[in-house]
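Remarks on the structure that follows.
The values are calculated or read from the model by the stated rules, or taken from the named source; none is laboratory data. From a predicted model like this one, the values you see are computed outputs, not experimental measurements. Cβ placement follows ideal geometry from the backbone for every residue including glycine, while neighbour counts extend to all protein chains displayed. Just so you know, the surface numbers come from the protein's heavy atoms only, side chains and all, with ligands and any DNA or RNA stripped out. Shrake-Rupley method; radii C 1.70, N 1.55, O 1.52, S 1.80 Å.
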Amino acid sequence: FSVERPVPRSAIHLCIDRIENSPLIFIAALNGTAMGGGFELALGCDIRLAQNGDHQLGLPELNLGLLPGAGGTQAMASLIGTGPTLFNLLTAKVFSPQELLATGLVSSCTDDVMAEAMQLAGQIEAVPSRACANIKRLVRNAPRWRHDEGMAAERTLFCDCMVDPMA
């Protein structure tokens, strides 16, 4: 195997790509154990919420002699930085919901994650969808763009929202 000849994307890669490229906002409500690919799917979502409990979540693939294969290395590094990601992956760190909150991998930890996710979805649904889609596009692309490209895109999409009759 060689990174010069990449392995084709599978169904989970295509699913996460669709989440990333969709103008819709995806909320992961983690209410139980999520390891490996399930946790990678959650990392691919725009917002992650966790339910309190004694369940574990993470990317422990190293314990099997593997590495995350559905974007987990990239998503985690984008969310919390390279140093913490290297530590977590090289130690096969498994998190409690509260630890996920402390690391910034989830936005909240609550006793009723489904109710919180539904409330948040309603709050996001109540604001102009074009503005939400543009914010998602800007934030998702920020690591890929040079600073001047990101600033130009932000100015342009700000103006795009100004002409939206729903704004």
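A few remarks follow.
- Neighbour net charge for T110 - beta-carbon separation under 13 angstrom, K R +1, D E -1: -2
- Amide H partners (placed H, <5 Å) of Q56, local residues excluded: T33, A34
- Degrees separating the helix 113-125 axis from the principal Cα axis of the chain, which is the longest one: 20 degrees
- Other residues lying with their Cβ under 12 Å from the Cβ of I47 contribute a combined charge of 0, Lys and Arg counting +1, Asp and Glu -1.
- Taking only protein heavy atoms and a 1.4 Å probe, the accessible area of the chain is 61% carbon and sulfur.
- Highest-MSF residue in the chain out of P128, P97, P68 [GNM, Cα springs under 10 Å]: P128
- Region 41-167: relative contact order in percent, alpha carbon pairs under 8 Å with at least 6 residues between: 28 percent
- Cα centroid separation - region 101-162 against region 1-52, whole Å: 16 Å
- In Hz, Karplus ³J(HN,Hα) per residue of region 64-70 (6.51, -1.76, 1.60; θ = phi - 60°; x = Gly, Pro): 9, x, 10, 10, x, x, 10
- For R146, neighbours were defined as the other residues whose beta-carbon sits under 15 Å from its Cβ, and their charges (Lys and Arg +1, Asp and Glu -1) total -1.
- Per residue, the accessible area of region 31-167 comes to 57 Å² when a 1.4 Å probe rolls over the protein heavy atoms.
- Amide proton proximity set for L30, modelled H, under 5 Å, gap of 5+: L49, A50, Q51
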